[in-house]
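Below: the structure, in structure tokens.
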Amino acid sequence: MENNLVILIEKPIYREGILSLVAEKFPNHNTHVINDFIQLQELKLKDGVAIVDCNIKSQTLQWLIDHHFKIVLILSTHECDRLELMFSYGADGYVLYDTDPEDIREAIAKAFKHEAYVHNQLVPTLLEEYKRLNDFLFNKAVKPDGLLSKREWEVLELIKQGLSNKKIAEELFITEKTIKTHVTSIFKKLQVNDRTTAVMKAIRNKWISIS
């Protein structure tokens, strides 16, 4: 993949914030701020990562996908109703504007590695759409013997609900440090590197239900 970073953010205040972050965290990448579809076409870029918001037009989004761009969607909490549409297009990263800048950096970095990233708060919404598009997953989940401990399955189920380590600790009446240990163990046993991939792998294999 080429080091092209395309920014298609409508609101200037958000666009400048993303541009500043990209300049700091990805100084060796070819960054392009795009104002319209014609400008995007004229650049004749082959692939890369596109950082977009919910105002992106379907034509532009489809062009990016057709030209092998990985899509990182940045949205505000009141725009979550657009997630279903974006999910149907197959965006690779989903992150909130008001999150830690490190989360945005991680989403972009993962996209360049062909990996997915979903902010914890958005996982339940995306799972609902995943359920709608994958009816066959309604079959009863069967947890394989010996893969995870009983407590680790409980932690994974709560991760699926989008809970943070702190909230999971409160739910299970144990310390946050213990939860972090369980999460690390889950990642190792499932051979994954992040929470979203752990949940999706468990769902695909019907180890946990999507509902």
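The values are calculated or read from the model by the stated rules, or taken from the named source; none is laboratory data. All values derive from a computational prediction rather than experimental measurement. Every residue, glycine as well, gets a Cβ built from its backbone with ideal geometry; the counts of neighbours run over all protein chains shown.
Kindly indicate which of 110, 166, 140, 131 is surrounded by fewer than 18 Cβ atoms within 10 Å (Cβ to Cβ), at pLDDT 85 or above and not polar (S, T, N, Q).
Working: 110 fails: surrounded by fewer than 18 Cβ atoms within 10 Å (Cβ to Cβ); 140 fails: at pLDDT 85 or above; 131 fails: at pLDDT 85 or above.
Going through 110, 166, 140, 131 in turn, the sole match is 166.
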Inset, instruction - Determine which single condition residue 73 fails, assuming it passes every other condition in (1) in a loop (DSSP other than H, G, I, E, B); (2) crowded, with 17+ Cβ neighbours inside 10 Å. - result: (1)
Legend entry - Test set (1) loosely packed, with under 14 Cβ neighbours inside 10 Å; (2) over 27 Å from residue 114 (Cβ atoms) - residue 182 fails condition number: (1)
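Looking only at segment 157-170, how many residues end up being part of a helix (DSSP H, G or I) and touching a helix residue (DSSP H, G or I) at 6+ places or on another chain (Cβ under 6 Å)? I'd like the intermediate steps shown before the answer.
Of segment 157-170, the ones part of a helix (DSSP H, G or I) are 157-160, 165-170.
From the residues that got through so far, the ones that are touching a helix residue (DSSP H, G or I) at 6+ places or on another chain (Cβ under 6 Å) too are 158-160, 165-166, 168-169.
Total satisfying the criteria: 7.
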